[in-house]
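FYI, it's all coordinate maths here, none of it is from the lab. Only a predicted model underlies this, so the values are computations on that prediction, with no experimental measurement involved. FYI the Cβ positions are ideal-geometry reconstructions off the backbone, even for glycines, and counts take in every protein chain you see.
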Amino acid sequence: MISFEDFKRLDIRIAKILEVSDHPNADKLYVLRVDWGDGEKTLVAGIKSSYKKEDLVDKQIVVLVNLEPANIRGVRSEGMLLACQDEKGISLISPDRKVELGSQIR
């Protein structure tokens, strides 16, 4: 279990997917350009099996923005999108209506 104080350290915000491309070194990964209200960032996400590129552009998603950047198969990822998975595949977590980019999850 984590404390409420630990949870409050997570900076989780709404972002918009601006661009989606295939990862140059991985068949199951996309490289996403997203805007979470503080400029554009790059995310690497293993969602290719469940989403077409054209279905992701302009979609609002939930992103953990204060995660330490990681080099994923040669591409720098500057956050992590939140999703769930079941027997039908991956489902991105997103708001049920358009909200301001950078809105915090509380």
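Here the condition is being within 15 Å of Leu18 (Cα to Cα), free of Cβ contacts under 8 Å to residues at least 60 places away in the same chain and exposed (fewer than 15 other Cβ atoms within 10 Å of the Cβ); of Val44, Val63, Val57, Val31, it holds for Val57 alone. Just so you know, in the stretch 76-96 the residues that are of a type in the set (Gly, Ala, Ser) and in contact with a Leu (Cβ under 6 Å, 6 or more places away or on another chain) include one that is surrounded by the most Cβ atoms within 10 Å (Cβ to Cβ), and it is Gly79.
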